[in-house]
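Everything on this sheet refers to the single structure shown next.
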Amino acid sequence: MLIFLVVVGGLVFGAVSLARRRRGFVEVDPGIGTVRRLYFYGVSFVALIMAASGIVQIGIFVLEGVFGGELLSASSVQLATGLSLIVVGLPLWGLHWRLISGHVRALPVEKKSVLRKLYMYVILGVSAVFALTGAASILGFIFQTGSFRGYPWAALVVWGGMWAYHWWVEREE
(Lines give C-alpha, C1' and ligand atoms only; values in the text may rest on other atoms or scores of the structure.)
Protein backbone atom coordinates (compact mmCIF):
# COMPACT_ATOMS: atom_id res chain seq x y z
CA MET A 1 0.00 0.00 0.00
CA LEU A 2 2.78 2.39 0.94
CA ILE A 3 4.63 1.70 -2.31
CA PHE A 4 1.43 2.36 -4.26
CA LEU A 5 0.94 5.71 -2.51
CA VAL A 6 4.55 6.73 -3.13
CA VAL A 7 4.23 5.85 -6.83
CA VAL A 8 0.91 7.70 -7.17
CA GLY A 9 2.33 10.69 -5.30
CA GLY A 10 5.37 10.74 -7.56
CA LEU A 11 3.19 10.56 -10.67
CA VAL A 12 0.98 13.40 -9.44
CA PHE A 13 4.01 15.51 -8.55
CA GLY A 14 5.57 14.82 -11.96
CA ALA A 15 2.36 15.61 -13.85
CA VAL A 16 1.86 18.88 -11.99
CA SER A 17 5.48 19.90 -12.51
CA LEU A 18 5.34 19.06 -16.21
CA ALA A 19 2.10 20.99 -16.70
CA ARG A 20 3.53 24.02 -14.94
CA ARG A 21 6.72 23.95 -17.02
CA ARG A 22 4.85 23.63 -20.31
CA ARG A 23 2.58 26.55 -19.51
CA GLY A 24 5.43 28.72 -18.32
CA PHE A 25 3.75 28.95 -14.92
CA VAL A 26 5.60 31.16 -12.49
CA GLU A 27 4.26 31.04 -8.97
CA VAL A 28 4.40 34.47 -7.37
CA ASP A 29 3.78 33.15 -3.88
CA PRO A 30 4.92 29.53 -3.56
CA GLY A 31 3.15 28.99 -0.24
CA ILE A 32 4.61 26.10 1.73
CA GLY A 33 6.13 24.42 -1.33
CA THR A 34 5.12 21.43 -3.40
CA VAL A 35 7.15 18.78 -1.56
CA ARG A 36 5.86 19.85 1.85
CA ARG A 37 2.32 20.02 0.45
CA LEU A 38 2.68 16.53 -1.03
CA TYR A 39 3.83 15.21 2.35
CA PHE A 40 1.04 16.85 4.36
CA TYR A 41 -1.77 15.85 2.03
CA GLY A 42 -0.40 12.35 1.44
CA VAL A 43 -0.11 11.58 5.15
CA SER A 44 -3.48 13.20 5.83
CA PHE A 45 -5.14 11.06 3.17
CA VAL A 46 -3.68 7.78 4.44
CA ALA A 47 -4.38 8.63 8.09
CA LEU A 48 -7.97 9.69 7.36
CA ILE A 49 -8.70 6.48 5.44
CA MET A 50 -7.19 4.48 8.32
CA ALA A 51 -9.28 6.28 10.93
CA ALA A 52 -12.51 6.00 8.94
CA SER A 53 -11.92 2.30 8.31
CA GLY A 54 -11.32 1.77 12.02
CA ILE A 55 -14.52 3.57 12.98
CA VAL A 56 -16.43 1.48 10.43
CA GLN A 57 -14.93 -1.72 11.90
CA ILE A 58 -16.02 -0.75 15.41
CA GLY A 59 -19.45 0.23 14.08
CA ILE A 60 -19.83 -3.18 12.43
CA PHE A 61 -18.77 -4.92 15.65
CA VAL A 62 -21.28 -3.00 17.76
CA LEU A 63 -24.19 -3.12 15.30
CA GLU A 64 -23.85 -6.83 14.59
CA GLY A 65 -23.46 -7.52 18.30
CA VAL A 66 -26.63 -5.60 19.15
CA PHE A 67 -28.85 -6.31 16.14
CA GLY A 68 -27.23 -9.37 14.56
CA GLY A 69 -28.47 -11.88 17.10
CA GLU A 70 -25.19 -12.54 18.91
CA LEU A 71 -24.77 -10.57 22.10
CA LEU A 72 -21.15 -11.55 22.48
CA SER A 73 -18.96 -12.03 19.47
CA ALA A 74 -16.83 -15.14 19.35
CA SER A 75 -13.86 -13.07 18.18
CA SER A 76 -12.74 -9.61 19.13
CA VAL A 77 -10.25 -9.32 16.26
CA GLN A 78 -12.54 -6.87 14.45
CA LEU A 79 -12.75 -4.65 17.53
CA ALA A 80 -8.98 -4.74 18.07
CA THR A 81 -8.35 -3.94 14.40
CA GLY A 82 -10.76 -1.02 14.49
CA LEU A 83 -9.26 0.39 17.68
CA SER A 84 -5.71 0.13 16.37
CA LEU A 85 -6.64 1.91 13.14
CA ILE A 86 -8.32 4.70 15.09
CA VAL A 87 -5.52 5.06 17.66
CA VAL A 88 -2.95 5.50 14.90
CA GLY A 89 -4.97 7.21 12.16
CA LEU A 90 -7.09 9.77 13.99
CA PRO A 91 -4.32 11.62 15.89
CA LEU A 92 -2.07 11.49 12.83
CA TRP A 93 -4.80 12.99 10.62
CA GLY A 94 -5.75 15.54 13.29
CA LEU A 95 -2.18 16.77 13.66
CA HIS A 96 -1.54 17.04 9.93
CA TRP A 97 -4.95 18.58 9.21
CA ARG A 98 -4.34 21.19 11.92
CA LEU A 99 -0.97 22.06 10.38
CA ILE A 100 -2.52 22.26 6.92
CA SER A 101 -5.33 24.49 8.22
CA GLY A 102 -2.78 26.79 9.84
CA HIS A 103 -0.91 27.13 6.55
CA VAL A 104 -4.16 27.80 4.69
CA ARG A 105 -5.08 30.58 7.13
CA ALA A 106 -1.60 32.13 6.99
CA LEU A 107 -1.06 31.81 3.24
CA PRO A 108 -4.20 32.37 1.13
CA VAL A 109 -2.45 30.94 -1.95
CA GLU A 110 -2.69 27.49 -0.31
CA LYS A 111 -6.44 27.40 -1.02
CA LYS A 112 -5.67 27.37 -4.75
CA SER A 113 -3.09 24.59 -4.58
CA VAL A 114 -3.53 21.79 -7.12
CA LEU A 115 -2.59 19.21 -4.49
CA ARG A 116 -5.17 20.59 -2.04
CA LYS A 117 -7.88 20.38 -4.68
CA LEU A 118 -6.74 16.87 -5.65
CA TYR A 119 -6.87 15.79 -1.98
CA MET A 120 -10.33 17.26 -1.51
CA TYR A 121 -11.82 15.74 -4.64
CA VAL A 122 -10.27 12.31 -4.08
CA ILE A 123 -11.59 12.27 -0.49
CA LEU A 124 -15.01 13.43 -1.70
CA GLY A 125 -15.05 10.73 -4.39
CA VAL A 126 -13.87 7.88 -2.16
CA SER A 127 -16.23 8.77 0.67
CA ALA A 128 -19.17 9.19 -1.72
CA VAL A 129 -18.57 5.74 -3.26
CA PHE A 130 -18.47 4.01 0.15
CA ALA A 131 -21.45 5.96 1.50
CA LEU A 132 -23.56 5.26 -1.59
CA THR A 133 -22.62 1.57 -1.51
CA GLY A 134 -23.79 1.45 2.11
CA ALA A 135 -26.99 3.30 1.23
CA ALA A 136 -27.76 0.85 -1.57
CA SER A 137 -27.29 -2.10 0.79
CA ILE A 138 -29.54 -0.43 3.36
CA LEU A 139 -32.24 -0.03 0.72
CA GLY A 140 -31.89 -3.73 -0.06
CA PHE A 141 -32.40 -4.52 3.62
CA ILE A 142 -35.39 -2.18 3.90
CA PHE A 143 -37.05 -3.74 0.84
CA GLN A 144 -36.29 -7.22 2.22
CA THR A 145 -33.86 -8.35 -0.49
CA GLY A 146 -31.01 -8.83 1.97
CA SER A 147 -30.34 -9.69 5.59
CA PHE A 148 -29.09 -7.32 8.29
CA ARG A 149 -25.41 -6.53 8.17
CA GLY A 150 -23.66 -3.86 10.19
CA TYR A 151 -21.36 -2.65 7.42
CA PRO A 152 -23.86 -0.63 5.35
CA TRP A 153 -25.11 1.32 8.36
CA ALA A 154 -21.63 2.05 9.70
CA ALA A 155 -20.32 2.91 6.23
CA LEU A 156 -23.16 5.31 5.51
CA VAL A 157 -22.68 7.19 8.78
CA VAL A 158 -18.85 7.33 8.78
CA TRP A 159 -18.15 7.88 5.07
CA GLY A 160 -21.20 10.15 4.72
CA GLY A 161 -19.95 12.26 7.63
CA MET A 162 -16.49 12.44 6.12
CA TRP A 163 -17.99 13.48 2.77
CA ALA A 164 -20.14 16.17 4.44
CA TYR A 165 -17.18 17.61 6.38
CA HIS A 166 -14.91 17.85 3.34
CA TRP A 167 -17.76 19.20 1.20
CA TRP A 168 -18.28 21.93 3.81
CA VAL A 169 -14.55 22.78 3.87
CA GLU A 170 -14.41 22.93 0.07
CA ARG A 171 -17.58 25.03 -0.13
CA GLU A 172 -16.17 27.54 2.38
CA GLU A 173 -13.19 28.13 0.09
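Might you check whether a residue that is open to solvent by 40 Å² or more (accessible area, probe 1.4 Å), touching a helix residue (DSSP H, G or I) at 6+ places or on another chain (Cβ under 9 Å), within 30 Å of G31 (Cα to Cα) and part of a helix (DSSP H, G or I) occurs anywhere in region 132-143? Checking region 132-143: not a single residue is open to solvent by 40 Å² or more (accessible area, probe 1.4 Å), touching a helix residue (DSSP H, G or I) at 6+ places or on another chain (Cβ under 9 Å), within 30 Å of G31 (Cα to Cα) and part of a helix (DSSP H, G or I). When region 89-110 is filtered for residues that are out of contact with any Phe, Trp or Tyr (no Cβ under 7 Å at 6 or more places or on another chain), assigned to a helix (DSSP H, G or I), hydrophobic (A, V, I, L, M, F, W, C) and surrounded by 13 or more Cβ atoms within 10 Å (Cβ to Cβ), the ones remaining, listed by number, are L90, L92, W93, L95, W97, V104, V109. Filtering region 111-120 to residues that are in a helix (DSSP H, G or I) and in contact (Cβ under 8 Å) with a residue 24 or more places away in the chain leaves K111, V114, L115, R116, L118, Y119, M120.
Return yes or no: is P91 farther than 17 Å from V157 by Cβ and at pLDDT below 85? Against the criterion (farther than 17 Å from V157 by Cβ and at pLDDT below 85), P91 does not qualify. Using the structure shown, decide if V169 is of a type in the set (A, V, I, L, M), closer than 30 Å to S113 by Cα and open to solvent by 40 Å² or more (accessible area, probe 1.4 Å). Considered against the rule, which asks whether it is of a type in the set (A, V, I, L, M), closer than 30 Å to S113 by Cα and open to solvent by 40 Å² or more (accessible area, probe 1.4 Å), V169 comes out as no.
One residue alone among S127, S113 is under 21 Å from R171 (Cβ atoms), open to solvent by less than 80 Å² (accessible area, probe 1.4 Å) and over 16 Å from the mean Cα position of the chain (by Cα), and that residue is S113.
The values are calculated or read from the model by the stated rules, or taken from the named source; none is laboratory data. The model shown is predicted, which means the values in this text are computed figures rather than measured ones. All Cβ positions, even for glycine, are placed from backbone atoms using ideal geometry, and neighbour counts span all protein chains on display. Please note that ligands, DNA and RNA were not included when accessible areas were found on the heavy atoms of the full protein model with its side chains. Shrake-Rupley method; radii C 1.70, N 1.55, O 1.52, S 1.80 Å.
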